[in-house]
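The values are calculated or read from the model by the stated rules, or taken from the named source; none is laboratory data. What you see is a predicted model; the values in this text were computed from it and never measured. Here the Cβ positions follow ideal geometry from the backbone for every residue, glycine too, while neighbour counts run over all protein chains shown. Note: areas computed on protein heavy atoms with side chains; ligands, DNA, RNA excluded. Shrake-Rupley method; radii C 1.70, N 1.55, O 1.52, S 1.80 Å.
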Amino acid sequence: QVQLVESGGGVVQAGGSLRLSCAASGSTFSITAMGWYRQAPGKQRYLVAHITSGSSTNYADSVKGRFTISRDNAKNTVYLQMNSLKPEDTAVYYCTADVIVHSSGSSTRGWGQGTQVTVSS
């Protein structure tokens, strides 16, 4: 199985910046896409940003122009640069990776454990 570990979360004042990172490890695999979801208390989890193996990206309307997703394929790592943070960005952020496991040829989506981002007014 593929393990995903997020880092970079924390507390920041409104207008500040954070960069989240997520590294994939485990069995031999190929990553086809990676992304970031977030979930605030009492709200649904939704996709914030997504990036394909060809580095094509998309973003939720709520973060366009402020967040940037990128990846380092050699390191099996995805990043989320978050600028101009707002209190409504406060949530647990989850990393995902869509992978093909070489041993089985199966495709699966892995999830990280989540990292808390808190933006104060």
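For the reader, a short list of remarks on this structure follows.
- Condition met for Gly65 (at positive phi and in contact (Cβ under 8 Å) with a residue 60 or more places away in the chain): no
- Candidate set from the stretch 60-92 (those that are polar (S, T, N, Q) and closer than 14 Å to Val11 by Cα); member that is surrounded by the most Cβ atoms within 10 Å (Cβ to Cβ): Thr90
- Lone qualifier among Val63, Val48 - being in contact with an Asp or Glu (Cβ under 8 Å, 6 or more places away or on another chain) and either farther than 18 Å from Glu6 by Cβ or of a type in the set (A, V, I, L, M) (or both): Val63
- Residues satisfying the criterion are present in the stretch 44-53 (criterion: over 18 Å from Arg19 (Cβ atoms) and modelled with pLDDT under 95).
- Flag for Tyr46 being aromatic (Phe, Trp, Tyr) and open to solvent by 50 Å² or more (accessible area, probe 1.4 Å): yes
- Failed item in (1) in contact with a strand residue (DSSP E or B) (Cβ under 6 Å, 6 or more places away or on another chain); (2) at pLDDT 95 or above, with Gly10 passing the rest: (1)
- Close pairs from the stretch 32-50: first among the acidic types (Asp, Glu), partner exposed (fewer than 14 other Cβ atoms within 10 Å of the Cβ) and at pLDDT 95 or above, Cβ under 8 Å, at least 6 apart: none
- Residues of the stretch 104-121 satisfying the condition of being part of a strand (DSSP E or B) and either open to solvent by 40 Å² or more (accessible area, probe 1.4 Å) or of a type in the set (Gly, Ala, Ser) (or both): Ser107, Thr108, Arg109, Gly110, Trp111, Gln116, Thr118, Ser120
- Test result for Pro87, free of Cβ contacts under 8 Å to residues at least 12 places away in the same chain and out of contact with any Asp or Glu (no Cβ under 9 Å at 6 or more places or on another chain): no
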